[in-house]
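Only the coordinates and a few stated rules stand behind these numbers; no lab work does. Treat the numbers as computed from the prediction; the structure is a model and nothing was measured. All Cβ positions, glycine included, derive from the backbone under ideal geometry; neighbour counts span all protein chains shown.
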């Protein structure tokens, strides 16, 4: 008995769902190098907008972020299943690292889950597994390497903070490199251990940023946060919440020698005069510097440094 292979579509249609324009562009660039003879790519900024497109566009594969306003990637996946559209293939590209949540996505029918920041070849491999190339493979045009976008993409960092701040409004601004003289008396230092070397990167939060991020995550009242900032002494809960931020931020670090998210190995409170930190602030392998401003709380600064 001969089994007829399914026909290869003339045009492969992809729907990219992410509220970060930068990530949309990165995924588009990778899809354009996958080797399909003809592709069509559309984008949506959240799951709700994606649903409006799917019936008319009929994508062969939806590539969606998880954490988005209005409707998340998981909610999009669940809604498609509830509507009986189980034939729509959905892959998640996300900063979400909780094993329980990732398993929930797979149970709801995700064809793959890739963590950000992702390796281009990893995404291409997963796309080819879902939509195999058949017949003559078209050699993709060699694309110029993307311009460096820094150690951490600001949009992705903002999304992570938004997911932690319980609806508290804030502004995240990219800043000039943080000098040692701008640090508070005591600061929270996080060390990230990669596969290429024991310490791949560090995060530094001044004590104001610890109080702001830790207080916002814990739904602390502004007067409590301001008092902690004035005293230069974050509470234990604030420090634990700030540690959680740094742990989640490991998936945002764009380090060329690391193909997987970089785990946070340990944290500690260090003084402004910590010599090794002062050296890294001057000489490092790349950095991303930010200021967070919250009405009623104040301002704080933090930086990520490649070692």
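So the values come out like this:
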| item | result |
| --- | --- |
| Per-residue Cβ neighbour rank within 10 angstrom, fewest leading, 21, 28 | 21, 28 |
| Angle in degrees between helix 47-57 and the longest Cα principal axis of the chain, rounded to the nearest 10 | 20 degrees |
| The chain, relative contact order in percent, only Cα pairs under 8 angstrom and at least six apart counted | 18 percent |
| Relative exposure of 79, 100, 95, 303, judged by other C-beta atoms within 10 Å (fewest first) | 100, 79, 95, 303 |
| Inter-centroid distance (Cα atoms) of the range 75-101 relative to the range 232-258, Å | 27 Å |
| As computed over the range 12-130, the Cα convex hull volume per residue (Å³) | 94 Å³ |
| Additional length obtainable on full extension of the chain from residue 58 to residue 199, 0.36 nm per residue less Cα span | 46.2 nm |
| Ordering of 103-111, 199-207 by packing [mean C-beta count within 10 Å, highest first] | 199-207, 103-111 |
| Kirkwood-based shape ratio for the range 156-292, expressed as Rg/Rh from alpha carbons | 0.95 |
| At R0 = 22 Å, FRET efficiency that the Cβ-Cβ distance of residue 282 and residue 185 yields, to 0.05 | 0.65 |
| Average Cα contact separation per residue, the range 154-306, under 8 Å, 6 or more apart, as relative contact order % | 37 percent |
| Distance between the range 265-307 and the range 163-190 - C-alpha centres, whole angstrom | 7 Å |
| Residue exposure sequence - 81, 287 - by fewest surrounding Cβ within 10 Å | 81, 287 |
| Nitroxide proxy distance, nm - points 7 Å out along Cα→Cβ at residue 166 and residue 233 | 2.3 nm |
| On Cα atoms only, tilt of 120-130 relative to the major axis of the chain in degrees | 40 degrees |
| Computed helical MRE - 222 nm, the chain, DSSP H runs ≥ 4 contributing -39500 (n - 2.57), nearest 500 | -10500 deg cm²/dmol |
| Extension gain, residue 224 back to residue 33 (0.36 nm per residue minus Cα-Cα distance, nm) | 63.6 nm |
| For the chain, radius of gyration divided by Kirkwood radius, i.e. Rg to Rh on alpha-carbons | 1.03 |
| Label-point separation in nm, residue 174 to residue 11, each point 7 Å along Cα→Cβ | 3.4 nm |
| Gain in span if fully extended, residue 111 to residue 270, counting 0.36 nm per residue against the direct Cα distance | 52.9 nm |
| Fraction of antiparallel bridges per DSSP, the chain only, in percent to nearest 5 | 65 percent |
